[in-house]
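Okay, structure first, notes after.
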Amino acid sequence: MIKITDLTYSYDNKTKALDKISLDIERGSFVSVVGHNGSGKSTLAKAMVGLLENYSGKIYIDDIELNSSNVHEIRKKIGIVFQNPDNQFVGSTVKHDIAFGLENQCLEQKEIKNKVIYYSKKVGMSRYLDKEPHQLSGGQKQRVAIAGALAMSQQIIIFDEATSMLDPKGRQDVINLIKEINQQDNITVLMITHNLNLAKLANKMVVLKKGKVISYDSPKNIFQNREILSTSKIVLPEQYKLYDLMKNNKKISKEILEALWEYNLKM
Ligand SMILES: Nc1ncnc2c1ncn2[C@@H]1O[C@H](COP(=O)(O)OP(=O)(O)OP(=O)(O)O)[C@@H](O)[C@H]1O
Ligand SMILES: [Mg+2]
């Protein structure tokens, strides 16, 4: 679905924000992207949706090589919810904002209205349809942005820290929704996050460091790889420490340790 080869990019011609990135992302997969501040996550996302120019390397979306003349076509396939919800509120009200992308899809007004109602309800914003952006909290704006992206029904959606301002219940609801579109509608999901409890929900995780991919593997393999964790400064959630304590105890069987992992990864 997404193929990237040797992608390199610099904002200032000095430091590389992306350094020879190569990745293959399968259709329908759920991939999380982690790495500390400034490691290149958002830049990678921008590249994939055609927001960067003058990069070297190639980006293929659905076997089509991204270039300046087809970026419009590619955007029909790939959507993004940005880190900062203020930068993407384009409608005058919540309902206009969710409908914005749909207006360009030449849908009938009734269908647009139905989608706005359906997705605003899914993100818990149906009572706010006539509110203006300045009347909303950060988390509410994030919910609107997510509703707008989901309503577009693109084949790939990138969430760049898109749930960072949500309260725990809101985040769980949105995560369930993301899992639902991934599993039921086969939409390819890329989730950029600092939250390892979210990152581990993916089939595969990309670990970025200084613009390089230092690992692309299952969350379990990455979480068990001390070297990757320490070089990328990833700190595992508390519950994994129990595993470390038990690992050195010879009385505890492999089966129990394995079960503990499975349990932690599902939690
Ligand atoms: N618009 C910009 N102009 C110049 N440099 C930039 C710009 N945006 C990002 N950078 C630089 O590129 C590098 C990668 O930034 P990027 O935003 O991709 O990191 P990130 O992994 O998304 O970080 P965060 O976790 O803080 O969101 C950083 O060194 C950053 O300073
Ligand atoms: Mg970022």
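The values are calculated or read from the model by the stated rules, or taken from the named source; none is laboratory data. What you see is a predicted model, and the numbers here were worked out from it, not measured in a lab. FYI the Cβ positions are ideal-geometry reconstructions off the backbone, even for glycines, and counts take in every protein chain you see.
Looking only at helices (runs of 4 or more DSSP H) that lie completely in the range 224-267, which have at least 1 residues being under 30 Å from Asn176 (Cβ atoms) and either over 23 Å from the mean Cα position of the chain (by Cα) or of a type in the set (Gly, Ala, Ser) (or both)?
241-247, 254-266
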Residues Glu161, Glu227: which one is among the acidic types (Asp, Glu), within 30 Å of Thr15 (Cβ to Cβ) and in contact (Cβ under 8 Å) with a residue 60 or more places away in the chain? Glu161
Is at least one residue of the range 185-206 more than 16 Å from ligand 1 (Cβ to nearest atom), hydrophobic (A, V, I, L, M, F, W, C) and part of a helix (DSSP H, G or I)? no
Filtered residues of the range 149-165 (kept if over 15 Å from the mean Cα position of the chain (by Cα), hydrophobic (A, V, I, L, M, F, W, C) and in a loop (DSSP other than H, G, I, E, B)): Met152
Matching residues in the range 47-79 (over 13 Å from Gln155 (Cβ atoms) and either among the acidic types (Asp, Glu) or buried (at least 17 other Cβ atoms within 10 Å of the Cβ) (or both)) number 8
Residue, nearest to the chain's Cα centre (by Cα), within the range 40-75, restricted to residues that are farther than 15 Å from Thr188 by Cβ and among the hydroxyl-bearing types (Ser, Thr, Tyr): Ser42
Checked the range 48-71 for anything of a type in the set (Asp, Glu) and away from ligand 1 (no atom under 13 Å from the Cβ); matches are Asp62, Asp63, Glu65
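Here is a yes/no grid of residues against (1) within 24 Å of Ser232 (Cα to Cα); (2) modelled with pLDDT under 90; (3) within 16 Å of ligand 2 (Cβ to nearest atom); (4) part of a loop (DSSP other than H, G, I, E, B):
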residue: Thr5; (1), (2), (3), (4): yes, no, no, no
residue: Tyr11; (1), (2), (3), (4): yes, no, yes, yes
residue: Lys20; (1), (2), (3), (4): yes, no, no, no
residue: Gln83; (1), (2), (3), (4): yes, yes, yes, yes
Matching residues in the range 190-218 (farther than 20 Å from Arg171 by Cα and either touching a Cys at 6+ places or on another chain (Cβ under 8 Å) or touching a residue at least 60 places away in the same chain (Cβ under 8 Å) (or both)) number 10
Exception for Asn37 within (1) of a type outside the set (Phe, Trp, Tyr); (2) within 17 Å of the chain's Cα centre (by Cα); (3) over 20 Å from Ile156 (Cβ atoms); (4) surrounded by 13 or more Cβ atoms within 10 Å (Cβ to Cβ) falls at (4)
Tell me yes or no: at least one residue of the range 34-47 is within 27 Å of Tyr119 (Cα to Cα), away from ligand 1 (no atom under 16 Å from the Cβ) and not in a loop (DSSP other than H, G, I, E, B). no
Residue pairs, Cβ under 7 Å, 6 or more apart or interchain, first in the range 140-157 and in contact (Cβ under 8 Å) with a residue 12 or more places away in the chain, second hydroxyl-bearing (Ser, Thr, Tyr) and not in a helix (DSSP H, G or I). List them. Gln142/Thr163; Gln155/Thr188; Ile156/Thr188
Can you name the condition, by its number, that Val33 falls short on among (1) within 16 Å of ligand 2 (Cβ to nearest atom); (2) β-branched (Val, Ile, Thr); (3) over 19 Å from Ala162 (Cβ atoms)? (3)
Across the range 84-96, what is the total count of residues that are under 21 Å from the mean Cα position of the chain (by Cα) and surrounded by fewer than 18 Cβ atoms within 10 Å (Cβ to Cβ)? 4
Check on Ile59, of a type outside the set (Lys, Arg), in contact (Cβ under 8 Å) with a residue 12 or more places away in the chain, part of a strand (DSSP E or B) and away from ligand 2 (no atom under 16 Å from the Cβ): yes
